[in-house]
Structure formats: structure tokens, C-alpha cells
Amino acid sequence: MHRLEGIERAYPWGSRTAIPQLKGDQAPAPHPIAELWFGAHPASPSTVDGEPLSELIAQQPSAWLGERIADRYQNRLPYLVKILAADEPLSLQAHPSKQQAEDGWERENALGIPVGGAQRNYKDDNHKPEVLVALSEFEAMAGFRPLAQTIQLLRQLNCAAMERYLHMIDDGQALAEKEEENRLRALFTTWITIPTAARAELIQNLIGAIDALDETQVEPWIAHTVHNVRAINERYPNDIGVLGALLLNHVRLEPGEAIYLRAGSLHAYLHGVGVEVMANSDNVLRGGLTTKHVDVPELVKVLGFAPLVDPFVTTQSTTRAGTTITRYPVPIEDFTLSCAHIDAANPPLDLELNGPTILVATAGELTVTDAAGEQLTLRPTEAVWVDERDRAVSVATSESAHLFWAFA
């Protein structure tokens, strides 16, 4: 068992206050802190006693990962844990499948594009499915909504400039699943490739229709969507992400709720604080809402256009000695994520861990004890690494505390 030092990542969309407040600091940070990384990705590996976790694993993979994980994932930790804090929208983005990532990694290496270069799409050869659990109220755009709802939205906006695009997706007939995907693909690829001046004119007409909409006469999800579209246009005027927002599920999460995004899901986190766990990758294909590198053809190539009917994760809860444990099941093998609210009145929570584990505190103060009796104190935003040699740990608190743990 080892204390794991997270690595801060500063991006313009981050928050100067959210992560400092989690830590208990009152003063804002001098710059926006967007993420804290806990893991072994080569871009920002966490450290153990000053040594990068990635190097420690490379030196003794079986000891740090166990033979099962070392063999299955080529001596690499298969997941990455983050605390994410967004004061502004992240880029409109998607992540590749495993095969797409391997192909893109090899192709860009062959072209001689530096791994850290601004024009680089593929920072590694891995996929990046991800789950985000809200710590605060959290807003996101997550996956294409069913086409019937988008048709309903465009009809109610009654925007003349949108009529030709409405006809692209609505012929009055019921659609088979594949045809729904094809029409979403046709509409999105048309919007993302129209000339800048034409896009600006279309968006201005759209915003005019939104401003004229009587929101008391529409369903709440439509009102939320148009508010979101307007806000995005104020932050990124005439950006392609404004049109993309018309097609995506706009979701609001309460603390403890989670969404899962598979490979190819178009999405953008909008505002809030959460714990994010993903396959161990930093591959991002961007389409808008950013000043970073945008590669439209590559984004379209990795996108999946099957509507995401429900991005929310159905949790599984159990109670052990008075403590409720919530599991966030996802359809991949790279990681398992759980959390627990632990109170002083409850006995210590014993965790039997099935692989290399990262424990992160997000509220309260916890004491983690391993089988040998060694103890580490965890405060919010602090983490512990439990490797193959220390699978059994117990966690206790003298107050009310909140703990997440991920393992492979």
C-alpha cells in the first residue's frame, strides 16, 4: 500500500475553486485546475515517493499489477482515475475504439508527428470508454439523442433556415435502426463541413428561433436543450458545437449519478465536478468548442451514430455493516468502479480487492489499514495505491467520509 500523488492538469475550462475547495483550501488557485490524474499514463503519471508509477510498474510489472493484469494488458495499468472540475464546456469530442487507436497511433508515428505535438490526435494506442460520477450537480451533452426527439425539437423551433435539414431526417415514415444512424450521419457531416459564413448565418437564424420560442409551451427537455444551445453560442459564437448541441442528449446529474460513454460517443461535459474513470488513454478527437487541434475528418471516422437512448449508469447497491456501497457497472473489462459513504458510527469497512486498486477520497478524512497493520490517512483529493501484494484493506473514519475505488 502506497500514497499516490495525483498530477494537476490546467486547462482553460477548469475551475480555480472547485478542486482547491475539495482539498480544504479557501483561496482560489492562480490558474484553472481542470483535472487531477491518478494513474500511470505516460503523459502525467502519478508518483509514489517521488517515483513515477509508470516506471515502477515497468520495472516490476508482476509485483505492482499482478501476473493476471500484467499479462492481459502488456504490463500496463489498464485504467486512469481523474477528479474533473469544469467551469466552462469542454470540447465537443469523441474517443476511438481500440482498433482505431492502434491504427491511428501507428499512422501518426509513421508520419513523424511528435507525441506531444499540437497536431497529434493519438497520444497512445488505447481506447477510452469512460464513466463519470457527479460529485456536484453536473451537466453534460452525452451521445446522439433518438432521431424522433430531434425531429420534434426542430419542428417546434419553427426555424425556416432549418427546414431543409429537417427534411433530410424526416420523411414522415418510421425508421429502422440503421436508417436512423444513416440520417444522423448525413445531417451531422453536412453541418460540420458547411462553409464558415454559411454556418454563422444558419446559427444566427437558429438563435433567433430560440429567442422567439415560448418555453412555457414545450416539454422541459426542449427548454433545457435550447438554453444550452444559447449558452454555448454565447461562449463559442457560431461554432460547430452549437449545431452539435441540437443533436445530443442534454443530461443533468445529481451527486452520485453517473453516465457512461462508449467509444465513438460524441459528447461534451458542460459544468460541474465529478470522478471520472476511463481506460488508460488520452486519445481525444475534437470537433468544436475548443482552441485546440480540431480534425473533422478523423472525428467523423471514429464517431458512432447509433442514438444513445439512456446514457445513465444503472447502479448496484449493497449494505455492509451499515455502510452502503454503490457499484457503477460498465460493459468493459478495463476497470470496475465503486464508492461508499462511511460514517463514524459504522465499523471499519473491509475491502477485498481483485487487482491493482486506486482509492480516492472525496469527502471527510479516512484511515486506510492494510493486512500488515500499516496505516495511511486520506483527505479529499488524496489517493492510495493498493497493489497485488496488499489486496485486503480496511477503511475507517471518525466523521462522514466518501471514498471511491477502481480496480482492474
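The values are calculated or read from the model by the stated rules, or taken from the named source; none is laboratory data. Please read all numbers here as calculations on a predicted model, not as lab measurements. Don't worry about glycine lacking a Cβ; one is built from the backbone with ideal geometry, like all the others, and counts go over all protein chains shown. These area figures cover heavy atoms from the full protein model, side chains too; ligands, DNA and RNA do not enter into them. Shrake-Rupley method; radii C 1.70, N 1.55, O 1.52, S 1.80 Å.
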Being surrounded by 24 or more Cβ atoms within 10 Å (Cβ to Cβ) and assigned to a loop (DSSP other than H, G, I, E, B) is the filter here, so list the residues in the stretch 273-292 that pass it. Ser281, Asn283, Leu289
Taking the stretch 363-407 and keeping only residues that are open to solvent by 10 Å² or more (accessible area, probe 1.4 Å), under 27 Å from Glu333 (Cα atoms) and under 28 Å from the mean Cα position of the chain (by Cα), one is left with Thr381, Glu382, Glu388, Arg391, His402, Trp405, Phe407
Residues satisfying the stated conditions in the stretch 316-349, i.e. β-branched (Val, Ile, Thr) and part of a loop (DSSP other than H, G, I, E, B): Val330, Ile332
Criterion: over 27 Å from Val218 (Cβ atoms) and at pLDDT 95 or above - qualifying residue of Leu157, Leu135: Leu135
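Scan the stretch 319-331 residue by residue and report those that are modelled with pLDDT of 95 or more and either open to solvent by 30 Å² or more (accessible area, probe 1.4 Å) or not polar (S, T, N, Q) (or both).
Result: Ile325, Arg327, Tyr328, Pro329, Val330, Pro331.
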Go through the residues of the stretch 70-79 one by one and say whether even a single one is under 22 Å from Val277 (Cα atoms), small (Gly, Ala, Ser) and either assigned to a strand (DSSP E or B) or without any contact (Cβ under 8 Å) to a residue 60 or more places away in the chain (or both). yes
Mind counting the residues in the stretch 1-19 that are under 30 Å from Leu353 (Cα atoms), over 19 Å from the mean Cα position of the chain (by Cα) and open to solvent by less than 70 Å² (accessible area, probe 1.4 Å)? 3
Search the stretch 364-379 for residues that are at positive phi and pair each with any residue that is polar (S, T, N, Q) and in a loop (DSSP other than H, G, I, E, B) when their beta-carbon atoms are under 8 Å apart and the residues are at least 6 apart or on different chains. Gly364/Ser400
Here is a list: Ser62, Ser54. Which entry is more than 21 Å from the chain's Cα centre (by Cα), of a type in the set (S, T, N, Q), open to solvent by less than 70 Å² (accessible area, probe 1.4 Å) and within 26 Å of Val302 (Cβ to Cβ)? Ser54
Please state which of the following conditions Trp191 fails to meet, knowing it meets all the rest: (1) open to solvent by 30 Å² or more (accessible area, probe 1.4 Å); (2) in a helix (DSSP H, G or I); (3) within 30 Å of Ser97 (Cα to Cα). (1)
Can you name the residue in the stretch 295-318 that is open to solvent by 80 Å² or more (accessible area, probe 1.4 Å) and touching a residue at least 24 places away in the same chain (Cβ under 8 Å) and is also farthest from Glu102 (Cα to Cα) among such residues? Val309
